[in-house]
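Below: the structure, in structure tokens.
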Amino acid sequence: MTTTFLDNIRLIDPEGDRVTETTVVLDGGIIAAIGAASAPKGAKVINGQGACLAPGMVDLGVKIGEPGERHTESFRSAGLAAAAGGVTTIIARPDTHPAIDTPEVLEFVTRRAAEASPVRIRHMAALTKGREGREMTEIGFLLDAGAIAFTDAARVIPDTKVLARALTYAKSLGALVIGHPQEPGLSKGASATSGKFSSLRGIPAVHPMAERIGLDRDMGLIEMTGARYHADQITTARSLPALERAKANGLDVTAGVSIHHLTLNELDVGDYRTFFKLTPPLRSEDDRLAMIEAVATGVIDVIGSFHTPADEESKRLPFEDAASGAVGLETLLPAALRLFHADQLTLPQLFRALSLNPARRLGLKQGGTTEGAPADLVLFNPDTPFVLDRFTLKSKSKNTPFDGARMEGKVLATFVGGKQVYAAE
């Protein structure tokens, strides 16, 4: 394996909460040395010219279209998009066709991902069979087959007894359960957040309290069962007190938020722009600012892209009928840097939520930039401006809300296990 010497870089350390001008040596798949005065003999030398070196992002909650929807995204295209975006570990969702709900399906996708992707891909498995909310999966067998967590993705299990049993079983095995806090009855058929804007546009909407009700139910069950739990997306200020109480009471609970809910609000839907139709729907500006503050204070632990590819035909429909979701593997970093350039979050705070916290929650060694850590890294210039053209994205699907947007932040190189898997043209 090639030894790499990175000179003239700003090293972002999310664990130590600092940015340091230094040098870094990558060797044997790890960060072998920090602050070396010169390159080891025979090493490949990269002059960073003052660029930032950060832990590669661990993107929790990515949808890949294999199996069943390969036309929207394959392991190969998702891996190339991730490498170009500085994502070194994809945590893939089980909402495929068929769902990843048996060891056989899990072993198939694990093998396919390892063959096709230049970045690491780990899979979550379904919590209930077929993600139908009726019968829990064989959690123990799926853990043995390599499942990193269990979730029914955006489908809420309506039967509380089924969820309680699954949480109890997961607790006995130490498995992490990822929930989607939402009251399914209130949120059914909704395409926007209730308020003046959705009323004027005539879009079916859901009240923010639906998220709070769903979270309250889940927190009650976590208190009852003692299971490990992660809320995939917290998007409203009304949910934060319940989350804070759960953490203060010692429950094993963490929470995430999508980059779209940190950088966009309900008004961005504009004249029924379906690339802005997401699940949960975009929220008010007050909610957006509350989410940023929650990330800054650590109430919300993880930022993810929630990459959800959709083909043109499913997006070019009336707003109510259009598919939800947006691609985000390549836009996660420049979108997150909007918060840095607005002086709302520091670079160490950003990478704590993008890399360190998701890795820790999932029991992965990645996410840090200390000596001995895995050399899964992204080298980027945070100040490079560009206008996003969705047709240049490496994802098969191009459904991004940032098409035509002015952004800052260019990935220069991505390393996985010390091997360079992407270099900017």
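Miscellaneous remarks
- Its relative contact order, with pairs defined as Cα atoms under 8 Å and 6+ residues apart, puts the chain at 21 percent.
- For the pair region 63-138 and region 283-329, the centres of their Cα atoms are 20 angstrom apart.
- Here's the picture: charge each Lys and Arg Cβ at +1 and each Asp and Glu Cβ at -1 in region 48-207, and of A147, S198, I121 the one pushed furthest to the positive end of that dipole is S198.
- Between 0 and 90°, nearest 10: helix 285-297 axis offset from the chain longest Cα axis: 50
- GNM top mover of G304, G189, G42 - the chain, alpha-carbon springs below 10 Å: G42
- Helix axis angle, 75-85 relative to the chain longest principal axis, alpha carbon, degrees: 60
- Highest-MSF residue in the chain out of E73, E104, E313 [GNM, Cα springs under 10 Å]: E313
- Kirkwood Rh and Cα Rg combined as Rg/Rh, region 1-107: 1.12
- Here the simple spin-label model places points 7 Å from the Cα toward Cβ, and for T370 and A423 these points are separated by 3.2 nm.
- Only lysines eight or more places from K396 in sequence, or on another chain, were considered; those with a Cα closer than 22 Å are K63, K277, K315, K410.
- Pair R316, D343: separation of 7 Å Cα→Cβ label points (nm): 4.4
- Each Lys and Arg Cβ is given +1 and each Asp and Glu Cβ -1; about its Cα centre, the chain then shows a dipole of about 260 debye.
- The alpha carbons of region 17-171 occupy a box of 60, 35, 24 Å along the principal axes, longest dimension given first.
- Alpha-carbon Rg/Rh ratio, for the chain, with Rh computed the Kirkwood way: 0.95
- By the equivalent-ellipsoid construction on the alpha carbon gyration tensor, region 270-425 comes out with semi-axes of 27, 20, 15 Å, ordered largest to smallest.
- Antiparallel bridges, percent of DSSP beta bridges restricted to region 290-425 (to nearest 5): 90
- Percent RCO, i.e. relative contact order, over region 298-392, from Cα pairs under 8 Å lying at least 6 residues apart: 22
- Point-charge dipole on Cβ atoms (K/R +1, D/E -1) for region 265-391, about Cα centre, debye to 20: 420
- Averaged over its residues, the chain has an accessible area of 39 Å² per residue, based on protein heavy atoms and a 1.4 Å probe.
- Carbon + sulfur, % of accessible area of region 229-319 - ligands and nucleic acids excluded, 1.4 Å: 51
- Relative to the longest principal axis of the Cα atoms of the chain, helix 209-225 runs at roughly 80 degrees.
- Max mean-square fluctuation residue, GNM over the chain, Cα-Cα springs under 10 Å, options T370, T22, T72: T22
- Taking all protein chains as they are arranged and a probe of 1.4 Å, the heavy atoms of K410 leave approximately 80 Å² accessible to solvent.
- Cross-link pairs exceeding 29 Å in C-alpha to C-alpha distance, out of K161/K188; K161/K365; K41/K394, comprise K161/K365; K41/K394.
- Taking 0.36 nm per residue of sequence separation and removing the Cα-Cα distance, the M209/A36 pair yields an extension gain of 56.9 nm.
- For region 122-257, the alpha carbon convex hull comes to 104 Å³ per residue, rounded to a whole number.
- Taking the Cα centre of region 197-288 as reference, the dipole from Cβ charges on Lys and Arg (+1) and Asp and Glu (-1) amounts to some 100 debye.
- Positive-end residue of M209, S74, S305, charge dipole of the chain with Cβ unit charges: S74
- Computed label-point distance, nm, for sites R273 and E244 using a 7 Å Cα→Cβ extension: 3.3
- Contact order, relative form, for region 124-213: 24 percent (alpha carbon pairs under 8 Å, 6 or more residues apart, mean separation divided by residue count).
The values are calculated or read from the model by the stated rules, or taken from the named source; none is laboratory data. Fair warning: this is a prediction, and the values are worked out from it, not measured in the lab. Please note: Cβ atoms are built from the backbone with ideal geometry, for glycine as well, and neighbour counts cover all protein chains shown. Protein only, heavy atoms only, side chains kept; ligands, DNA and RNA dropped before computing areas. Shrake-Rupley method; radii C 1.70, N 1.55, O 1.52, S 1.80 Å.
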